Amino acid sequence: MDESLLSRQNEPSSYTVMNVKPVSYICGWCGKENEFKSKDELRCIGCGYRIFYKKRLAEGMQYEAR
Amino acid sequence: MDANTAYLTQNTPENVHTVEHPLSGGKTLEEILSNIEMTIIEEKEEHLIIDLVGIEAPIANALRRIMLSEVPTMAIEDINLWQNTSVIPDEVLAHRIGLIPIDADPRLFKFKHPNEEHSSENCICFKLHAVCRRLEDGSIVGDKVMSGDLQWQPFPNQQERFGHFKPVHDDIIIAKLGPGQEIEAELFCEKGIGATHTKWSPVCTASYRLAPKITLKKEIAGENAINLKNKCPMGVFDVKKGKAVVKNPRNCTSCRECIREDDSMVSLAKVKDHFIFTIETTGALSPRDIFREAIKELRDKAAFWLDKINIYKRTPKS
Ligand code: SF4
Ligand SMILES: [Zn+2]
């Protein structure tokens, strides 16, 4: 087995919990931005919908309009 | 047969070639120039129909091609895309945005060299920020992103010098958004020519056709005249006092219906040096200006090559 995978498995299970900065997602129904922590239930605070889309990175991309 | 006329017969066009050089007929350049005639047939804000008589086909074609691909305009070239959560992929969105005609006189701007910065001299900057939301009552706002949503971001002292810039039309749909989707971008217009990319072409189309010359070979009266009138789908013929007359020769599309069964009545022909130009603008320049700029461009090209020829003549042959 791959070394790195093994070491990942041995990490404390709090690994994900430590990464506390919430990620925001867009609700598929009402469009509201929702922030989830790892244990949160996946439901929109606005409407209760359960499908979400991840926001794209805020870094700009440059394109040629051709 | 008149050398200056091409005939359409039942089977084939005839006398289409221009064999002589315009100067070989003993005409001087001054004579040729004084025979050139230009008449404006129709002028609207968006299109121009102009008659050019007395020029050779290569010159007419050069003018047409210059109008299509060498008269500069401003178009969006660089896009900084900060956010695009719409269903349209970034590249497609960038392409659509690039094609929006911008209402800006290109003669006020300079060409931007690839390693030059965007500046007030060579660039117009727009900002686009569109967000779609579902409101409390369920209704959706901002689901259409239109060209009118582009916000001009003037460079220092552009506003004082140029006034205001915006897209030619405010109602071009750029993208449609679902609730929560967002497009945020910064758009930079540059000056360019249609040969690089069609978005810089100032015309929707610029074309020419030869003027039709339609004559009746004999007197057509009575039932024949009415038949002839009904035959033509473009209403070229009319009946006056029981006799057929050619009323609107310009409407002819050369469909040849009037000579299909019997070609003894009508002679269909084209005047070889009479060009009817139709110029349709995208909106940045008036069609008249496009034509004028094309002539300037052609003159510059001619001057360039004249210069080259003179240099060649002056260099001693070894
Ligand atoms: S060629 Fe067609 S359009 Fe032209 S005059 Fe004849 S029937 Fe009419
Ligand atoms: Zn929701």
Worksheet entry | Anisotropy class of chain B from Cα gyration tensor, a/c 1.5 cut | oblate
Worksheet, complete the sentence: Rounded to the nearest 10 Å², the accessible area of A:TYR49 using a 1.4 Å probe with every protein chain kept is 80
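Keeping all protein chains in place and using 1.4 angstrom, which order do B:GLU190, A:GLU64 fall into by accessible surface area, from largest down?
A:GLU64, B:GLU190
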Worksheet item: Picking from B:ALA303, B:ALA294, B:ALA225, which is most flexible by a Gaussian network model of chain B using Cα springs under 10 Å?
Response: B:ALA303
Worksheet item: Tell me, what is the 1.4 Å probe accessible area of B:ILE88, in Å² to the nearest 10?
Response: 30
Discussion item. What's the total accessible area buried between chains A and B, using a 1.4 Å probe, rounded to the nearest 100 Å²?
Written reply: 1800
Item to complete: Show which aspartates and glutamates lie in cross-link reach of B:LYS240 when reach means a straight Cα distance below 14 angstrom and same-chain residues fewer than eight apart are skipped.
Response: B:GLU219, B:GLU223
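How big is the charge dipole of the protein assembly as shown about its Cα centre, in debye rounded to the nearest 20, if each Lys and Arg gets +1 on its Cβ and each Asp and Glu gets -1 on its Cβ? Intermediate values should be presented prior to the final figure.
On the way: 52 positive and 56 negative charges, 176 e Å.
It comes to approximately 840 debye.
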Fill in: Note, ³J(HN,Hα) from phi for region B:90-104, Karplus 6.51, -1.76, 1.60, rounded to Hz, x at Gly and Pro
3, 5, 5, 4, 4, 5, 4, 5, x, 7, 5, x, 9, 7, 8
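One-quarter of the Cα convex hull surface for the protein assembly as shown, in nm²?
Details: hull surface 154.8 nm².
Taking the Cα atoms of the protein assembly as shown, their convex hull projects to 38.7 nm² on average.
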Worksheet, complete the sentence: Over 18 Å (Cα to Cα) among B:LYS44/B:LYS166; B:LYS213/B:LYS272; B:LYS199/B:LYS301; B:LYS217/B:LYS243; B:LYS112/B:LYS308; A:LYS32/A:LYS54 -> B:LYS44/B:LYS166; B:LYS199/B:LYS301; B:LYS112/B:LYS308
Practice prompt. Quote the relative contact order of chain B in percent (integer), defining contacts as alpha-carbon pairs under 8 Å separated by 6+ residues.
Written response: 26
Worksheet item: For region B:147-252, what % of the accessible area comes from carbon and sulfur atoms, probe 1.4 Å?
Response: 48
Discussion item. On the principal axes of its Cα set, how long, how wide and how thick is region B:232-277? Give whole Å, largest value first.
Written reply: 34, 23, 17
Fill in: Förster radius 22 Å - calculated FRET efficiency between B:ASN80 and A:ILE45 (Cβ-Cβ, nearest 0.05)
0.10
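Just from its helices, what would the mean residue ellipticity at 222 nm be for chain B, if runs of 4 or more DSSP H residues each count -39500 (n - 2.57) and the sum is divided by every residue, rounded to the nearest 500 deg cm²/dmol? Please report the intermediate quantities before stating the final value.
Numbers: 6 runs with 72 residues, N = 318.
Here the helix-only value at 222 nm equals -7000 deg cm²/dmol.
Applying 1/(1 + (r/R0)^6) with R0 = 25 Å to the Cβ-Cβ distance of B:ASN157 and B:ASN115, what FRET efficiency is obtained, to the nearest 0.05? Mind dumping the intermediate values first?
Working: r = 24 Å, r/R0 = 0.94.
Once the sixth-power term is evaluated, E becomes 0.60.
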Worksheet item: So for B:VAL239, B:VAL203, what's the accessible-area order with a 1.4 Å probe, most first?
Response: B:VAL239, B:VAL203
Response to the item:
Note to self: C-alpha centroids of region B:172-249 and region B:37-76 sit apart, in Å, by 15
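Just by accessible area at a 1.4 angstrom probe, what is the order of B:PHE277, A:PHE52 from largest to smallest?
Final ranking, largest accessible area leading: A:PHE52, B:PHE277.
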Fill in: Calculated diffusion of region B:165-209, Stokes-Einstein form, Kirkwood radius summed over Cα pairs, 4 °C and 1.567 mPa s, µm²/s
92
Worksheet item: What angle do you read, to the nearest 10 degrees and between 0 and 90, between the alpha-carbon axis of helix B:57-69 and the longest principal axis of chain B?
Response: 10
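Kirkwood Rh, Cα Rg: Rg to Rh for region B:25-158? Show your work: numbers first, answer last.
Values: Rg = 22.9 Å, Rh = 19.8 Å.
Rg/Rh for region B:25-158 comes to 1.16.
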Discussion item. Heavy atoms of the protein only, probe of 1.4 Å, neighbouring chains included. What is the accessible area of A:ARG43 in Å², nearest 10?
Written reply: 110
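If I stretch the segment between B:ASP2 and B:HIS164 completely, what's the gain in nm (0.36 nm per residue apart, minus their alpha carbon distance), one decimal?
Values: separation 162, 0.36 × 162 = 58.32 nm, distance 5.48 nm.
Between B:ASP2 and B:HIS164, full extension yields an extra 52.8 nm.
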Worksheet item: GNM on chain B, C-alpha springs below 10 Å: top fluctuator among B:LYS112, B:LYS166, B:LYS231?
Response: B:LYS231
Worksheet item: When chain B is modelled as a GNM with alpha-carbon springs shorter than 10 Å, which of B:GLY163, B:GLY54, B:GLY138 fluctuates the most?
Response: B:GLY138
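The values are calculated or read from the model by the stated rules, or taken from the named source; none is laboratory data. Since the model is a prediction, treat every value here as computed from it, not as a measurement. As a convention, Cβ positions derive from the backbone with ideal geometry for all residues, glycine included, and neighbour counts pool all protein chains shown. Calculation scope for accessible area: heavy atoms of the full protein, side chains included, ligands and nucleic acids excluded. Shrake-Rupley method; radii C 1.70, N 1.55, O 1.52, S 1.80 Å.
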